[in-house]
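Report on one structure; see the data block that follows.
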Amino acid sequence: MALLEILKHPDPRLRKKSVAVEKITPLIQRVVDDMFETMYAAPGVGLASIQVDEPYSIVVIDVSEEKDQPLCLINPKITQSDGEMEEEEGCLSVPGIFENVTRAEQITVDALDRKGDPLQIRAEGLLAVCIQHELEHLQGMLFVDKLSRLKQQRIRKRLEKQAKETL
C-alpha cells in the first residue's frame, strides 16, 4: 500500500468528473487500499478518488470512532433522499476550513463493494453527510461550492495565504 497525495483546492484536477469502474481488477483493489491508507493517515473520515487524482468512481469512508468500519463504495449512486439537516463540514482538500452545509438527512445509496458485489446502504447522520460529500467530489464538486460567493472568495484567499506560508 502507498500514501497518495491529496489534491488541495483550488487544484483544477479536483473539478474532474469520475468514470465508472467497468471491472474490479487488482489495480482497482490497490487504488481502494491506497485510498484507505491515505484517508486514515490524513486523518479523515472519507476520501473520493478524484481527491487523489484517480479517475475512477470510488469512495472510501470510515466514520467509526475506532476506525474499524471501512466502507468502500464503487460506482455509488444515491437512489433516495429524505429530510434535510445542516451540519458543519470540512474536507481534506480544503484544509482548515469548516462551514455549515445543508444536506439530506437520510439517503439510500447503491454501489459495488471492494470485491464487486452489489451493496445498498440506508444512511443517516454523519454517514449520510459523508457519503453525499464524497459523491459530490466524484462529480467535480467541493463542499465550498454550496457556500455564498463571498465565503468562497474568503476561503480561496485564506488557502492561497496558507500555501504561500508553507513555501
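We did not get these values from a lab; they are worked out from the coordinates using the rules stated. All figures in this text were calculated on a predicted structure; none of them were measured in a lab. Cβ coordinates were reconstructed from backbone atoms using ideal geometry, including for glycine residues, and neighbour counts include every protein chain displayed.
Values computed for the structure shown
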| quantity | calculated |
| --- | --- |
| Helix-derived mean residue ellipticity, 222 nm - over the chain, DSSP H n ≥ 4, -39500 (n - 2.57), to 500 | -9500 deg cm²/dmol |
| Fluctuation leader among Leu135, Leu150, Leu119 - the chain, Gaussian network, Cα springs under 10 angstrom | Leu150 |
| Normalised contact order of the stretch 71-167, rounded percent, pairs of Cα under 8 Å and 6 or more residues apart | 25 percent |
| Unit charges on C-beta of K, R, D, E only; dipole of the stretch 12-165, Debye | 980 debye |
| Cβ-based exposure ranking for Glu165, Glu84, in which fewest neighbours within 10 Å come first | Glu165, Glu84 |
| The stretch 1-123 - Rg (one decimal) and Dmax (whole number), Cα, Å | 14.4, 39 |
| Length gained when the stretch Gln80-Val19 is fully extended (0.36 nm per residue, less Cα-Cα span) | 19.8 nm |
| Pairs of lysines in the stretch 102-167 (C-alpha under 23 Å apart; 8 or more residues apart or interchain) | 4 |
| GluC sites (Glu not before Pro) within the stretch 29-73: DSSP coil, no more than 11 neighbouring Cβ in 10 Å | Glu65, Glu66 |
| Sequence-separation-based contact order of the chain, relative, with Cα cut under 8 Å and 6+ spacing, percent | 23 percent |
| Computed label-point distance, nm, for sites Glu66 and Lys8 using a 7 Å Cα→Cβ extension | 3.5 nm |
| The stretch 110-127 - phi-based ³J(HN,Hα) in whole Hz, Karplus 6.51/-1.76/1.60, Gly and Pro as x | 10, 7, 10, 8, 4, 8, x, 7, x, 9, 10, 10, 9, 10, 9, x, 4, 4 |
| Size of electric dipole in the stretch 8-96: Cβ of Lys, Arg +1 and of Asp, Glu -1, about Cα centre, debye, nearest 20 | 680 debye |
| Karplus-derived 3J(HN,Hα), 6.51/-1.76/1.60, for each residue of the stretch 138-148, Hz, glycine and proline x | 5, 9, x, 10, 10, 4, 5, 5, 7, 8, 5 |
| Sparsely packed trypsin sites (Lys or Arg not before Pro) within the stretch 86-152, loop by DSSP, other Cβ within 10 Å at most 16 | Lys115 |
| Charge-dipole axis of the chain as Lys and Arg at +1 and Asp and Glu at -1 on Cβ define it, positive-most pick from Ser81, Val52, Val31 | Val52 |
